[in-house]
Structures are given as structure tokens and as C-alpha cells.
Amino acid sequence: MFKNKQFLTYCLILLITLVAGCKSKFEKLQESTNTAKKYQEAVRLYNKGDYNKALILFEDLMRAYRGRAEAEDLAFYFANTQYKLKDYATARYQFKVFADTYPSSPKAEESRFMTAYCFYLESPNFTLDQDNTVRAIEALQLFINLYPKSEKVAEASTLINNLRDKLEKKSYANARLYYDIGDYKSAVVAFRNSLRDFPDTKYAEEMEFLAIKAQQHYAQNSLETRQEERFNEAINLAGEFEEDHPASSYLKEVQDIKRRSEQKIIEVKKLLASMMTPQDKEKQTDTTQKN
């Protein structure tokens, strides 16, 4: 039995020794202090497209070469590797750090662009929060301001237009949602704000039309004492639409809304007059004479 225990212990030691000796070539290199060889292998892995392993070595090398001439290239490799791995949040941070740390570097321009481009790639669907979209526009505009003669300016401008289209669509969708759920007062405000923020929007004609409809509904659902004022606003909006879009496919409906609003004002005036007491009529006469 004792011999059996000795044998088992021997086998366990042998197994541990074999496992320890089976470290991969990469693991041995990672533990190595040969930074030159590690640097060469990191670049080879990067060029080969093995970014996960390259990143591990670049992280080690960043610490080893801190403050040395090689640190600049390593920092750029490190940022690009994060980008290749689609970790855009880390990549944009590292590209920004590079541009701030090495502003005179030939790679500073590309790093500024990549900082903005990573924001662009993080811009979500228009239905979601657009904070990264706004940041991407700001970063791309900063790039254009810093490098107005860059070959990337045209691309940056195109990306900005794409992002603005997304914000425009988001603004339209938000306003349209108010209309669809029947919150007509908020819809009118939202349509107006969207038209102010995006005066050249492709949704302009539709939003102006919907603002008129929303105003009409808002007036109709108001207390009788407020209807005249609110129907008049619908009439004013309809008049502006007729001037701005004389050939619009919405024109006939807009004119119908205008006529119905004018008729509603006549009706509500009659209704309010019929509800007036003799004292109210006397006060109204006095007020009219004073004016």
C-alpha cells in the first residue's frame, strides 16, 4: 500500500511537471523579458489579424516602453488594436490620448479622425438616446476645424450629414408621437421646435401640415372660452402653409381645416353669446364703449 502511495505521488509530480512544461510558445513569450522579441511578435500578430493576442503583448510593452521613443508607435498600435476588436469606446479614448500626447506626430491627424469615427460607430438607432450622435458631430467638426486641408474633410462632412439626418429623424419621430397619442398641444410645440432646429428638413411640409391639424384638434378639445383664440392660431398656420406650399398635396385639406376653423369661431361666438347673462352683456357693452 505504501508503494502504491509512492507511485501515485510520483505520477502526480510527473503530471505537474509535464503540464508546467507544456506552456505554449505565446505564453512563454508573454512571460519573457525580451521586449524586442515581444515587440516584433506583437506587430506580426497584429498584421496577421490575431488582435486578441496582439493586444495582450501591446499592453505589456506599453508598460515596458513608457517614456521611451518606441512608446509613440506602441500607443498607436494599441488604439488601433482596440478599434480592430470593435471596442470603440476604449479605442476612441486611446486615439484621443494619443493625439493629446503626441500632437506633432504624423499620426495625430489620423488619431483625431479615428476618435470622431469611433463616436460615429457608437451612434445608435434614431429611436434611442442620441448623446453619442451629438458627440460624434462635435468631434468630427473639431477634426475639420483642426485639419481643414485634410483628405478626410470630405468624409468627415459626409459623416456629419449622416448624423444630422439621424437627429432630424429623431426630432420628427418625437413630434409625430405626440400627435399620434393625441397630445395635440405638445405636438404643436414639438413640430415647431423641430422645424426651428432643422429648417431644411425633408419632413418640413408634412410637419407644417400636421401642426395645423394638431392645432385644430387642440382648439376643438379646449374650453369654449379658449376656442376662438386657438382656432385663430390654426387659421394663421393654414394661411402660412398656403403661401409656402401652393402646390402641396396637403393644400385642399389645409383649406378645409381653415374653413372649418372659421365656422367654428362663428359657432362658438354664438354659443358664448347665448350663455351670457344681462349683466355680462352690460359689462361687455361698457368695455366696448370705453375702448
Largest fluctuation, 253, 155, 243 only, Gaussian network model of the chain with Cα springs under 10 angstrom, belongs to 243
Using a Förster distance of 25 angstrom, determine the FRET efficiency expected from the C-beta separation of residue 269 and residue 244, and round it to 0.05. 0.30
Averaging sequence separations of C-alpha pairs under 8 Å and six or more residues apart, then dividing by the length of the chain, give the relative contact order as a whole percent. 7 percent
Over the stretch 92-171, calculate the relative contact order: mean separation of alpha carbon pairs under 8 Å at least 6 apart, over the residue count, as a percent. 25 percent
Among 84, 152, 270, the residue with the largest mean-square fluctuation in a Gaussian network model of the chain built from Cα contacts under 10 Å is 270
Once phi is turned into θ = phi - 60°, what whole-Hz ³J(HN,Hα) does the Karplus curve with 6.51, -1.76 and 1.60 give for every residue of the stretch 58-68, x standing for Gly and Pro? 4, 4, 5, 5, 4, 6, 5, 9, 4, x, 9
Is there a pair in 84/152; 96/166; 202/264; 213/269; 169/213 whose C-alpha atoms are over 28 Å apart, and which pairs would that be? 202/264
Can you pull the three principal axis extents for the Cα set of the chain, in Å, largest first? 120, 67, 38
Quick one: helix 184-197 against the long Cα principal axis of the chain, what's the angle to the nearest 10°, folded into 0 to 90? 60 degrees
What full-extension length gain, to one decimal in nm, is calculated for residue 196 and residue 255 as 0.36 nm per residue of separation minus the Cα-Cα distance? 18.9 nm
Rounded to the nearest 20 debye, what is the charge dipole size of the stretch 182-276 about its Cα centre when +1 sits on each Lys and Arg Cβ and -1 on each Asp and Glu Cβ? 400 debye
If one takes the longest principal axis of the Cα atoms in the chain, at what angle in degrees, from 0 to 90 and to the nearest 10, does the Cα axis of helix 278-290 lie? 90 degrees
Summing -39500 (n - 2.57) over every DSSP H run of at least 4 residues in the chain and dividing by its residue count gives a helix-only mean residue ellipticity at 222 nm, to the nearest 500 deg cm²/dmol, of -26500 deg cm²/dmol
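All of the numbers you see were taken from the coordinates with simple rules; none came from a lab. Bear in mind that the values here come from a model prediction, so they are computed numbers and not experimental data. Neighbour counts run over all protein chains shown; Cβ positions are idealised from the backbone, glycine included.
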